[in-house]
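Inspection log for the structure reproduced underneath, given as structure tokens.
Bear in mind these aren't lab numbers, they're just calculated from the coordinates by the rules spelled out. Every value quoted in this text rests on a predicted model; they were computed, and no experiment measured them. Please note: Cβ atoms are built from the backbone with ideal geometry, for glycine as well, and neighbour counts cover all protein chains shown.
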Amino acid sequence: MPTIVVVDGYSTGSALSRALAGRGVTCVHVRSAQTVGEYFRATFRPGDYEVDLGFVADWRALVDRLRTLGVDQVVAGTESGVILADTLNHLLGTPGNEIATVLARRDKAAMAEAARAAGLATPTGRAFDTVAAATAWYAAALGGPAVVKPVDSAGTDTVRFCRDVDEVRAACAEVLAARNLYRVPNRRVLVQERLVGTEFYVNSVSHGGTHRVAEVWRYTKRPGPAGAPIYDYEEPVEPGSASAAPIRDFVVAVLDAVGVRSSAAHTEVMLTDRGPVLIETGARLGGATLPDVVAKLSGVSQTSLQVQCLVDPVGFAGFDDRAPRWSASVRNVSLINPTRVAAQAPHWCERLRELPTAVAVAAHGVPGAALPQTVDLISAPGFVYLAAEDPAEVGRDYRTVRRWERDGLYGR
């Protein structure tokens with residue numbers, strides 16, 4: 001069995017380490033930063049790792065130690081680990097992504113430039129390091145609906161939908177004054193046109209430049225109270241279906257353009273009147289998911305496919321990523337707390353689990369503890385998978401969840 005390094009084994013990276021350890025793989029953990037926020041630290045599974053090297057500032061010393069351990073490949077557990085994982089693979093000579101385009105897999109402005117250079121559609125936009133420059137460009141070159149966000153965060157962190165120059169100015173000031181989701185100060189802000197269409201994401205796994213699609217999902221989002229999009233729900237699309245074809249072909253071209261060759265990737269695309277347009281891509285597993293549930297309902301998840309790629313690359317090469325999969329109508333519903341709760345009700349998670357179509361609830365209520373209003377992905381109380389043969393039953397339970405939330409599900 002191989003020895004695999006996971007950089008920042010948080011979020012879905014914790015599901016990856018569990019699955020790898022369960023297959024007898026020797027797992028080594030490395031942190032990309034000295035400190036880790038509680039949101040990520042709470043998901044870490046230290047028991048999955050034979051060795052936890054923590055944060056090592058000296059990359060040369062880290063590479064020497066990893067060579068001693070006989071490492072076969074380095075993977076990113078979450079977005080913050082992408083650059084270090086790619087750099088370590090490059091220095092170790094292990095399978096990885098193209099080092100020349102490493103910034104294009106983390107910096108959204110460089111990402112768009114790489115995609116445009118390959119002839120792929122991206123939103124009109126630019127990155128700036130001052131509010132004045134950003135607003136001046138917006139007024140002269142864009143105008144109208146815009147999106148403002150950090151260049152290197154994730155999960156709708158400080159993403160703002162704006163209608164005019166005043167809103168753009170305020171949003172840029174907010175981003176540049178803040179730290180991103182990974183506690184790094186935002187030095188630049190990205191201003192882009194707001195795309196109109198249907199949003200999808202594609203979770204893929206690549207090995208030696210061969211890309212396999214594990215999952216395709218259709219997003220539904222809604223405007224949040226702070227001006228940021230908040231997740232409503234997502235539904236799977238059969239990867240081999242005609243409706244998925246233009247999305248998956250576009251994503252494969254994006255992965256080639258940004259140099260993804262041997263890693264997982266999570267790519268978000270807007271299908272517009274002018275065709276697919278890239279929102280962003282990350283060379284890591286998609287988040288806010290329960291891989292075991294996805295695999296149970298469809299036969300495979302991105303996490304299980306990455307494990308197969310790492311453990312059995314021959315089997316991975318033979319994986320048919322166009323075969324029909326989904327055995328039921330499925331909806332992954334993001335929970336939305338409409339107003340701050342001073343003290344949580346004792347059994348709100350149990351109520352959700354009792355819904356007829358609920359197959360899994362990813363939430364952990366703390367009776368009596370405060371619960372913030374949902375303004376982005378991080379402040380959402382969790383998510384619930386609904387599944388049934390009849391899509392009408394799924395829709396009924398989805399509406400029940402939203403009604404319960406309006407009626408005070410989370411509070412006493």
Comparing GLU193, GLU38, GLU350, which has the greatest mean-square fluctuation in the GNM of the chain with Cα pairs linked when under 10 Å apart? GLU38
On the principal axes of its Cα set, how long, how wide and how thick is region 71-228? Give whole Å, largest value first. 51, 31, 31
Correct semi-axes for the chain, from √(5λ) of the alpha-carbon gyration tensor and rounded to whole Å with the largest first, are 30, 28, 23
State, to one decimal in nm², a quarter of the convex hull surface area for the C-alpha atoms of region 61-122, i.e. the direction-averaged projected area. 4.8 nm²
Among the lysines, which have Cα under 23 Å from the Cα of LYS108 when same-chain residues fewer than 8 positions away are ignored? LYS149, LYS221
Region 57-159: trypsin sites (Lys or Arg not before Pro) falling in loop per DSSP and having at most 13 other Cβ within 10 Å: none
Ranked highest first by average number of other Cβ atoms within 10 Å, how do 236-243, 372-379, 274-281 line up? 274-281, 372-379, 236-243
Hey, can you grab everything whose amide H is under 5 Å from the amide H of GLY9? Only 5+ residues off in sequence or another chain; H modelled, so Pro and N-termini drop out. VAL30
Using the C-alpha gyration tensor of region 166-238, what are the square roots of 5 times its eigenvalues, in whole angstrom, with the largest one first? 30, 19, 12
If amide H atoms are modeled at 1.01 Å from N in the peptide plane, then the residues at a separation of 5 or more from THR339, or on another chain, having amide H under 5 Å from its own are THR374
Would you give the gap between the C-alpha center of region 296-323 and the C-alpha center of region 326-390, rounded to a whole Å? 29 Å
Hey, what number do you get for the chain at 222 nm if only DSSP H runs of n ≥ 4 count, each worth -39500 (n - 2.57), divided across all residues, to the nearest 500? -8500 deg cm²/dmol
Over all directions, region 255-412 yields a Cα convex hull whose mean projected area in nm² is 11.7 nm²
